[in-house]
Amino acid sequence: MSQQFIGHDDVGILDSPEEVLTTLTKEGERKWIYPTPSKGYFYKWRLIVGWALIALFLALPLIPINGRPALLFDVLQREFAIFGFVFYPTDTLLLLLLAISVAIGIILFTALLGRVWCGWACPQTVYLEFVYRPIERLFEGKEHVRKRRDEGPWTWDKAWRKGAKLSTYLVISLILSHSFVAYFVGWENLIRWIQSPPTENWGYFVMMAFTTGLVMFDFTYFREQMCTITCPYARFQSVLLDPDSLIVSYDEDRGEPRGRGKKRDGLGDCIDCYACVRTCPTGIDIREGLQMECVACTQCIDACDDIMDKMGFEPGLIRYTSEHELEGKKTRWLRPRTMLYSGLLVVLLSAFTLVLANRGAYDVNVGRSVGEPFMELPDGQIANRLRFRVHNQTAEATSFRISVVAPDGAEARIVGTQPITLEPQEMTRTEAWIVVPPDAFEDGSREGTFRLTFDDGTTHDVSFMLLGPSG
Ligand code: SF4
Ligand code: SF4
């Protein structure tokens with residue numbers, strides 16, 4: 001695919017009416033952009049927040065809480081550890097409440113603060129702006145130098161610079177992909193797989209190569225297109241934002257009519273210097289109004305504030321504001337939709353806390369084993385083979401025994417030995433024959449009640465329909 005370049009001379013605005021994206025021509029060719037960093041007030045704070053988040057991302061799979069990583073979404077073992085709480089697919093209600101709370105939280109957050117997530121905390125922005133682009137500048141120089149070199153022929157200078165950049169990218173991408181995969185398989189598994197030869201763990205090797213390749217592709221080539229073309233969150237902006245949401249916006253009343261030069265007779269404060277466009281990582285012109293491609297990174301605020309300072313004007317021609325504020329009205333933080341979302345969130349989180357607090361120490365589930373529904377033993381008694389799945393939801397090791405409460409005269413014959421031990425948070429499956437006198441059955445069935453007695457004295461009764469001869 002051939003590329004066109006956007007830099008100091010040809011800033012990232014649409015070149016023809018048929019173009020729909022500033023980084024794509026109407027033929028679908030990529031326009032490469034070279035955003036100039038604007039190291040102002042917001043940049044400094046974003047840098048601090050960004051590196052704090054990177055440290056957190058790398059640390060969370062390593063920090064143990066209650067014997068589990070702080071965050072673990074173990075797809076192989078089908079368990080999720082979230083800050084010391086362990087959830088299983090059977091915790092349907094809890095997981096559902098958590099998922100809906102997260103969704104409502106995102107909707108509320110966006111209605112209030114717009115795309116603050118995109119500009120300040122999204123890994124795509126954080127890693128691209130504070131890790132990959134600085135490395136690029138280190139090896140290939142400033143934007144105008146890079147642009148000139150990229151447009152020129154291949155030379156030794158160009159080759160070694162790109163080679164060094166890509167090698168460093170590869171090392172960083174390997175670290176990121178390992179850290180990312182650790183969230184799904186745990187560090188212990190990861191280290192075991194790393195230490196063994198690829199021939200013993202082809203699955204791991206392929207998964208890691210694929211993840212690293214994706215990270216490399218994204219941060220080396222795809223970059224802002226992840227936000228402008230692929231990310232679904234950007235597509236929902238039109239329904240999530242309203243005129244009171246926080247946005248990064250150009251103050252048209254103050255800036256227009258724009259014009260160059262120190263003499264401002266009849267002109268607004270915009271000197272048409274294009275500093276806001278040159279710094280934009282998605283190549284847009286914020287003066288065209290709120291656009292889906294804007295990731296609210298605040299770079300145009302910093303760039304414009306610097307120009308305003310040099311011109312001796314007040315800062316804030318581009319600023320955090322709301323559509324209502326730009327129209328001279330007050331921004332309303334409390335409005336029907338934000339109050340509704342907040343109320344819903346309080347209800348959902350209260351329900352989640354309540355269900356979590358009342359979750360028993362042990363979760364017991366009983367079902368029928370595969371095979372015949374029942375068996376008649378030589379002594380005439382009827383045997384049902386049942387499967388007990390027991391989950392120890394405490395931080396202590398325990399053991400338990402299974403006995404029969406009803407019907408009278410029935411007994412449990414465990415496949416294996418009793419007591420059955422369980423490590424903290426462990427789930428086990430055990431099978432038992434429930435042997436019942438034949439006269440216990442009426443019309444071919446009879447409800448049985450089974451008691452699990454744990455070594456801390458706790459008992460847990462479960463019932464299940466036993467099958468037997470009818471009549
Ligand atoms: S940086 Fe400010 S003054 Fe310069 S073009 Fe953008 S809005 Fe106008
Ligand atoms: S318009 Fe401004 S806030 Fe939006 S992406 Fe471009 S530089 Fe960032």
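The values are calculated or read from the model by the stated rules, or taken from the named source; none is laboratory data. The structure presented is a predicted model; accordingly, all values stated were derived computationally and were not measured. All Cβ positions, glycine included, derive from the backbone under ideal geometry; neighbour counts span all protein chains shown.
Restricting attention to the stretch 411-432, does a residue exist that is surrounded by fewer than 13 Cβ atoms within 10 Å (Cβ to Cβ) and aliphatic (A, V, I, L, M)? Among the residues of the stretch 411-432, at least one is surrounded by fewer than 13 Cβ atoms within 10 Å (Cβ to Cβ) and aliphatic (A, V, I, L, M), which makes the answer yes. Number of residues in the stretch 315-342 that are on the phi < 0 side of the Ramachandran plot, within 16 Å of ligand 2 (Cβ to nearest atom) and in contact (Cβ under 8 Å) with a residue 40 or more places away in the chain equals 8.
Given the options Gly371, Gly409, name the one that is in a loop (DSSP other than H, G, I, E, B) and modelled with pLDDT of 90 or more.
Numbers: Gly371 fails: modelled with pLDDT of 90 or more.
Just one listed residue meets the conditions, Gly409.
Residues that are away from ligand 1 (no atom under 16 Å from the Cβ) and among the β-branched types (Val, Ile, Thr) occur in the stretch 324-334; there is at least one. The residues of the stretch 291-314 that are more than 9 Å from ligand 2 (Cβ to nearest atom) and within 22 Å of Pro243 (Cβ to Cβ) amount to a single one, Met292.
Might you let me know whether the stretch 440-461 holds any residue that is hydrophobic (A, V, I, L, M, F, W, C) and in contact with a helix residue (DSSP H, G or I) (Cβ under 6 Å, 6 or more places away or on another chain)? Spell out how you get there, then give the answer.
Of the stretch 440-461, the ones hydrophobic (A, V, I, L, M, F, W, C) are 440-441, 450, 452, 454.
Restricting the remaining residues to those that are in contact with a helix residue (DSSP H, G or I) (Cβ under 6 Å, 6 or more places away or on another chain) gives none.
Within the stretch 440-461, not a single residue is hydrophobic (A, V, I, L, M, F, W, C) and in contact with a helix residue (DSSP H, G or I) (Cβ under 6 Å, 6 or more places away or on another chain).
If you check Ala234 against the conditions, is it under 22 Å from the mean Cα position of the chain (by Cα), among the small types (Gly, Ala, Ser), buried (at least 17 other Cβ atoms within 10 Å of the Cβ) and under 29 Å from Tyr169 (Cβ atoms)? Reasoning before the result, please.
Working: under 22 Å from the mean Cα position of the chain (by Cα): yes; among the small types (Gly, Ala, Ser): yes; buried (at least 17 other Cβ atoms within 10 Å of the Cβ): yes; under 29 Å from Tyr169 (Cβ atoms): yes.
Yes.
Against the criterion of being out of contact with any helix residue (DSSP H, G or I) (no Cβ under 6 Å at 6 or more places or on another chain), at negative phi and touching a residue at least 60 places away in the same chain (Cβ under 8 Å), Ile33 qualifies. In the stretch 236-257, which residue that is within 16 Å of ligand 2 (Cβ to nearest atom) and not small (Gly, Ala, Ser) is modelled with the lowest pLDDT? Step by step, filter the stretch 236-257, then rank; the result is Gln237.
State yes or no: is Asp253 more than 23 Å from the chain's Cα centre (by Cα) and part of a loop (DSSP other than H, G, I, E, B)?
Values: more than 23 Å from the chain's Cα centre (by Cα): yes; part of a loop (DSSP other than H, G, I, E, B): no.
Criteria not met by Asp253.
The rows are residues; the columns are (1) surrounded by 14 or more Cβ atoms within 10 Å (Cβ to Cβ); (2) closer than 28 Å to Cys227 by Cα; (3) within 9 Å of ligand 1 (Cβ to nearest atom).
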site	(1), (2), (3)
Pro243	yes, yes, no
Ile247	yes, yes, no
Arg260	no, no, no
Asp265	no, no, no
Cys273	yes, yes, yes
Val277	yes, yes, yes
Pro281	yes, yes, no
Ile284	yes, yes, no
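Pairs are defined by a Cβ separation below 7 Å, a sequence spacing of at least 6 or placement on different chains, a first member in the stretch 380-391 that is on the phi > 0 side of the Ramachandran plot, and a second member that is surrounded by fewer than 22 Cβ atoms within 10 Å (Cβ to Cβ); the pairs so defined are Gly380/Pro438.
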